[in-house]
Each structure stands twice: as structure tokens, then as C-alpha cells.
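The values are calculated or read from the model by the stated rules, or taken from the named source; none is laboratory data. All figures in this text were calculated on a predicted structure; none of them were measured in a lab. Note that each Cβ is placed from the backbone with ideal geometry, even for glycine, and that neighbours are counted across all protein chains shown.
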Amino acid sequence: MTDSLRGRVAIVGAADTEVGKVPHMTPMQLCADAILRALADAGLTKDDVDGLVTCNSMAEPYMYHAEATAEYLQIFPRFCIGVGAGGGTTFSILHHAASAIVSGMCNTVVVAMADSLRTGMTRERAMVTQSSSGHTQFESPYGPTVPALYALIARAHMDTYGTRPEHFASVAVTCRKHAALNETAQMREPITVEDVLNSRLIADPLRLLDCSLVSDGGAAIVLTSAERAADFPHPPVYMLGFGEGYGHEHISQAHSLTESAAGIAGARACEMAGVTPREMDFAQLYDCFTPVVLLELEDLGFCAKGEGGGFAASGAIELGGALPINTHGGLLSHCHPGNPGSMFALTESVSQLRGKAGARQVSGAELGLLHAQGGILSSHTTLILGSEATL
Amino acid sequence: MSYKLGKHLPPVNGESAPYWEGCKQGELRLQQCPSCSHIQFYPRLLCTKCSGRGLSWIAASGAGRVKSFTIVRRAVSEAYEPDVPYVIALIELAEGPTMMSNIVSCDPETVEMNMSVRVTFDPWTEEISMPLFEPA
């Protein structure tokens, strides 16, 4: 059964809203804008949508967000669900949406996520809301920020494998380099390893430039069955593999601080797709904080355990390297509106596999791996996408 | 680190009440399974090892070691600002389980991986004493 979804569902529309500081739009407007843009990309109208997936907005929460979005747009889907698993949400729900299409529950699913963490909330409210990922009795009273929770992982990786702050910094430098080629990115000014190491400490060893952005923005994609996918304006991008892995929810309950359930998720996705990490033309790896990328490179099998730092610093993860990552600039430099963050890795991958990524196009890109995680290295989903040539 | 209005007070419930009652009495309590002797934190309905019920409470020694830590330079909210820089650490207790806490009574810059620590209690309110750790 592990190959049951391979190549059976495709992305036929994808679009981002304006990102960064977007004070002139509400989170619901961003969500609706993303949906309309993705539908236009697919050559569809809102009346064609019979499946809708959204995630809640922190700045403007609804009790039932997907249903509220359907009402706002006046669409009447057969499958409608709002999801919440942090950054891992975006790809885990694609697994479920694809299953809904294959099982006949619906034909055309729009997945749309948007939020306004930058201008829709005060800094204090944004910090407190996000740090509520700590256990309310046994973590949050101690005052951990989200960077502090990830810093515990960074410190353990340094202690176990000799990873150095300049290794973390190389991830930030790479993402900024790629963002410089992306005119929609929030931060495009090139930075150096020294800039990262000289930026102020937030939670040792993490510095300001090791931390992702706080942004407004949204994105949406349109999914349909492979049988119908040929009838759309753009070449379909096929979903070849999905894999999920869950290790813990709260970091104080993690069985390991240096090895994550990304390994399980990645292995499951590769098994379904029938591919190995070595075959990937690019990867979009969840980069809420720079050390997370090193763990993902290792756990997903792109390099040996403990060697993520050296691999990243070698230039292998840059455009032109063995495994270009976060070709749009990632959460570190493109944008990070919270839970919708991974959507931009998805829309970027669609551009790459359509061969339409402009100055940052990975030459001959046919196969890509996307990984997202939520909580504090807690819930993991790997997604493998490919062009028609990979079917 | 005494309680200031606005700090995140733990919402005690029926499951955790014996733990917080212990803290109030200066005792760090953990659950132990009567069937398989597994010791766990945080408190739960079931033993996570054998799924047995009817867990009992034991007093931990209060000794542990620093499994990982960070020094927070930017507080999570205004209520925590007077404490900056403060240490968030994962403490592996001598009995096995890991818990999060602050390390106090020392210069944050002197905290090290694997450092031995012992529990101390900081009364935040009449009901809540927070278990914190200091160098052993």
C-alpha cells in the first residue's frame, strides 16, 4: 500500500501573495488573495473548488477557520478542514488532501494558508503566542522563548558533534544569497558568516541572524487527480511520496536532542516515491532556525550524522552545489508568517519543477524533496515532488 | 526569581496537584509504576512503559545534570525582563526523567553541559512553588 498515492495527485496551480510587511491586508484577505491567485494560475474559478484546507491565523483566529474561509469566499466544498500542527501542517495535510482526491471524496482541493504576524500583532503578543508551544505547566512558566527552545537543540548538537556557530551561520548566508535572487523576498541584502556571528545573541548560541523572519503573507496551491492534471495551463507537478514522523510535542520530552523524527518521515517518503536522497535536484528544508537545517540534512540522509555543519559550510547547499536548498530564501530570508511558512517552499518547488524560477532556477530540476516540521523538532512531514519525467 | 504579575503561572489540575503540592512542601515528586517500577515525568494517567495504571508518587533526590541549556537574552514577555539574562535548561534527573527548569544562584555564563545541579524551590504564590535548579 505504500505506493498507493505515488504520482496519483498533482499540483496544477500555485501562487503567493505579497509577503513581508503587508499592513494593508488582513489575514483573511491574504488567504482569499492567495486562493484567487492560485486558482487563476490553474485557470479555474472559485466555483470549481470542492475541497478546502486552511490553517488558523494567530493574528485573526477563527474557531473554525476553513469553514469561515469558505463562507468568506462563498464556496461550498465537500471537504473542508482547518489544520494545526505548526510548520509541519502544510505538508502533512497534503498527504490527507491527496488521499481525499484518490478516494473520490473530492476533485479539486485548494490548500491555502496566510497570517499577519508582522503587522497584525504587537511584538509581545506574537512572541507570547508562539511560545505557547511550550508545555503550559512544565515549560512555559520558566520563560522559554521559541529561539530558546531551539537553542537547546543547537547546544546539544555542538556538544555531541563539535558543530560550531559558523556552521549554523553558513545556512543563514546561503538562504540570504538565494533570497537576493528572488525579488519577492523580504530580506535580500547579502550577509556574511561574520555578519551572523556579530549579530546580537538572542538565546545562546543562537544570534539574531540565525532566527527566521517575522512576516505577513500567504500562499495557496490547487491539487487534482493525475488523470485531470493534463488539462491545465501549466505542466503538472506530481506528488511522488509522503512520509510523516512524530517523536514528541514538547522538547523536554524528546527522546533525543540531536536526532529527530525527520529520519522516519524522510525514509517513508522516499520509500513511497521509490527514490533516494542522493537523486534530489534540490531540497526545501524547514529553516525556522539555522541548526534545524543541519539536523534535517543529517536525518534525511543527505550527509552522515554529525556532519551537517561541514556539509552546509562546504557550499553544497548553495545554487550550483550538490544539493541546493531553500532556493527562494527560506523562512530565514524569504518570509515566515508562522504556520503558513512551508507553503512558500511548496510554491517555490512548483516554480522550480515548471522550470520557471528565473535567476534561481536549478538547471534541469525534475525531482525535489521538501521537509517541514512543527512544534520544537516535533512533528515531521517529508514530501517528494517531481515533474512528468519522474513518473 | 520571585513571582511578578504577568509571569506564566502553571495551571494546576487534578492530575498534577500532587506534584505541585510536593513543590510547596519542598519535595520534587515523580510518578512510579507499581507494576514495572518505571519512573516518569510529567504526571500521566498511564505508565508510558507498560501502560499500567495506578501510578504512585515518590520523592526524587533533587539531583540532576544539565543535558542542554541556553541563556535567554531577550525575554519572552515583560514579566520576565527583570530576569534577563536567564538560563533555560533541560535537567536529567538522577531517577531518569528529564525536566525543563531555570538554573539560578550562579552567573549564567558559568553554566556548562553535564554540570551537576540540585533542586531548589522558589515560592511564586501561596499555592505555587517553582522547582528551580542551582549548581550542586
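Here are the numbers for the structure shown:
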{"item": "Residues that are over 17 Å from A:ARG118 (Cβ atoms), assigned to a loop (DSSP other than H, G, I, E, B) and not β-branched (Val, Ile, Thr), drawn from the range A:324-348", "result": "A:PRO324, A:ASN326, A:HIS328"}
{"item": "Filtered residue count, the range B:31-48, keeping only those that are within 12 Å of chain A (Cβ to nearest Cβ) and either within 30 Å of B:PRO85 (Cβ to Cβ) or assigned to a loop (DSSP other than H, G, I, E, B) (or both)", "result": "5"}
{"item": "Residue ID - farthest from the other protein chains (Cβ to nearest Cβ), chosen from residues in the range A:204-237 that are touching a Cys at 6+ places or on another chain (Cβ under 7 Å) and in a strand (DSSP E or B)", "result": "A:GLY218"}
{"item": "Failed item in (1) farther than 28 Å from B:ILE39 by Cα; (2) facing another protein chain (nearest Cβ under 10 Å), with B:ALA89 passing the rest", "result": "(1)"}
{"item": "Some residue of the range B:49-58 being more than 10 Å from chain A (Cβ to nearest Cβ), in a strand (DSSP E or B) and in contact with a helix residue (DSSP H, G or I) (Cβ under 7 Å, 6 or more places away or on another chain)", "result": "yes"}
{"item": "Residue match in the range A:8-21 (condition: without any contact (Cβ under 8 Å) to a residue 40 or more places away in the chain and out of contact with any His (no Cβ under 6 Å at 6 or more places or on another chain))", "result": "no"}
{"item": "Number of positions in the range A:118-155 that are in contact (Cβ under 8 Å) with a residue 12 or more places away in the chain and in contact with a strand residue (DSSP E or B) (Cβ under 7 Å, 6 or more places away or on another chain)", "result": "14"}
{"item": "Options A:ILE75, A:ILE35; residue that is part of a helix (DSSP H, G or I), closer than 18 Å to A:ILE221 by Cα and out of contact with any Cys (no Cβ under 6 Å at 6 or more places or on another chain)", "result": "A:ILE35"}
{"item": "Enumerated helices (runs of 4 or more DSSP H) restricted to the range A:98-179, each holding at least 1 residues that are hydrophobic (A, V, I, L, M, F, W, C), surrounded by fewer than 21 Cβ atoms within 10 Å (Cβ to Cβ) and within 14 Å of another protein chain (Cβ to nearest Cβ)", "result": "A:123-131, A:146-161"}
{"item": "Cβ-Cβ under 6 Å pairs, at least 6 apart or on other chains, the range B:1-25 side more than 9 Å from chain A (Cβ to nearest Cβ), far side assigned to a helix (DSSP H, G or I) and modelled with pLDDT under 95", "result": "B:LYS4/B:ALA79; B:GLY6/B:ALA79"}
{"item": "Selection count, the range B:6-30, where residues are assigned to a loop (DSSP other than H, G, I, E, B) and within 16 Å of B:GLY96 (Cα to Cα)", "result": "1"}
{"item": "Condition broken by A:LEU223, with the remaining ones in (1) closer than 30 Å to A:ALA10 by Cα; (2) touching an Asp or Glu at 6+ places or on another chain (Cβ under 8 Å) satisfied", "result": "(2)"}
{"item": "Any hit, the range A:28-44, residues being outside the structural domain of A:GLY274 (by TED's automatic domain parsing), over 25 Å from A:HIS328 (Cβ atoms) and either modelled with pLDDT of 95 or more or buried (at least 24 other Cβ atoms within 10 Å of the Cβ) (or both)", "result": "no"}
{"item": "Filter pass, A:GLY241 being in contact (Cβ under 8 Å) with a residue 60 or more places away in the chain, part of a strand (DSSP E or B), touching a Lys or Arg at 6+ places or on another chain (Cβ under 7 Å) and crowded, with 24+ Cβ neighbours inside 10 Å", "result": "yes"}
{"item": "Single residue of the range B:48-79 satisfying the filter (hydroxyl-bearing (Ser, Thr, Tyr) and surrounded by fewer than 22 Cβ atoms within 10 Å (Cβ to Cβ)) that is nearest to A:THR129 (Cα to Cα)", "result": "B:SER77"}
{"item": "Residues of the range A:266-323 satisfying the condition of being crowded, with 24+ Cβ neighbours inside 10 Å, charged (D, E, K, R) and part of a helix (DSSP H, G or I)", "result": "A:GLU296, A:GLU298, A:ASP299"}
{"item": "So A:LEU257, is it of a type outside the set (Val, Ile, Thr) and within 30 Å of A:MET158 (Cβ to Cβ)", "result": "yes"}
